[in-house]
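Single-structure report; data block below.
Coordinate-derived values only; no laboratory data. Being a predicted model, the structure only gives us computed values, none of them experimental. Here the Cβ is made from the backbone with ideal geometry for all residues, glycine too, and neighbour counts use every protein chain on show.
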Amino acid sequence: SSLAGLDRRLTDCRRCPRLVAWREEVARTKRAAFADETYWGRPVPGFGPADAALLIIGLAPAAHGANRTGRMFTGDRSGDVLYRALYDIGLASRPTATAADDGLTLRGVRITSPVHCAPPANKPTPQERDNCRPWLVDELRLLGPTLRAAVVLGGFGWQSALPAFAAAGWEVPRPRPAFGHGARTTLSGAAGALDLFGCFHVSQRNTFTGRLTPEMLRTVLIRAATVAGL
Ligand code: SF4
């Protein structure tokens with residue numbers, strides 16, 4: 001099966017009752033500023049080429065960001081920070097991401113998340129994370145032949161990604177490496193080694209307080225892109 005096929009099937013997923021109810025309620029009630037828009041209100045698939053060498057793994061779509069626009073990190077403050085950084089280092093064609101049809105393209109990098117539906121308070125349950133893991137495992141398998149590096153944004157993504165990489169055929173060190181900003185570990189896989197980088201999440205809480213600065217984000221992305229040959 002192809003990555004495009006996986007993305008299409010994903011958008012019909014209804015495995016998590018609480019998240020299905022939430023994503024659809026948010027799409028119905030909307031935020032006043034977006035009252036005249038049609039919200040996506042469904043699972044948000046990964047974004048970027050099927051032969052990506054670098055994967056960025058977040059947490060879950062934002063209620064009025066990706067859950068509105070239907071594209072990863074598109075239409076919210078977290079995305080403003082992430083796409084700006086990707087543009088600055090030559091991996092995104094535009095510095096901003098406003099809508100699924102804004103023409104933005106990524107070079108050699110794909111963006112995904114361990115949970116594909118917007119959760120209340122940005123907090124998926126462990127059950128919802130486990131429900132969604134097979135999607136990430138299949139995505140990793142399909143990307144495997146070209147994937148050389150991954151940047152994981154935040155501890156939730158890190159805890160979710162390690163078992164997914166293991167299930168997709170990579171060897172994950174034991175004991176499992178801990179998350180931290182600047183954490184780095186190497187997984188060996190059938191198609192070669194993959195370097196995993198930890199980075200604080202690009203959430204407003206982290207970027208507004210300076211816990212994660214644009215410089216810190218760029219530094220991790222440049223390291224990972226270099227490993228990935230981009
Ligand atoms: Fe399906 Fe994942 Fe959405 Fe749950 S979070 S309904 S598993 S796409």
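Summary table below
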| item | result |
| --- | --- |
| Cα centroid separation - segment 1-61 against segment 180-230, whole Å | 23 Å |
| Tensor-based shape of segment 5-117 (alpha-carbon gyration tensor, a/c under 1.5 rounded, otherwise prolate or oblate) | oblate |
| Phi-based couplings in Hz for segment 156-168 (Karplus 6.51, -1.76, 1.60; Gly and Pro marked x) | 4, x, 5, 4, 7, 6, 4, x, 5, 4, 4, 5, 8 |
| Gaussian network model of the chain, Cα within-10 Å springs - most flexible of Ile56, Ile89, Ile111 | Ile89 |
| Whole-number percent relative contact order across the chain, with pairs defined as alpha carbons under 8 Å at least 6 apart | 21 percent |
| Cα radius of gyration and Dmax for segment 3-227 (Å) | 16.2, 51 |
| The chain: most fluctuating residue of Thr125, Thr74, Thr38 per GNM, C-alpha cutoff 10 Å | Thr38 |
| Pairwise label distance in nanometres, Asp101 with Glu25, each label 7 Å out on the Cα-Cβ vector | 3.1 nm |
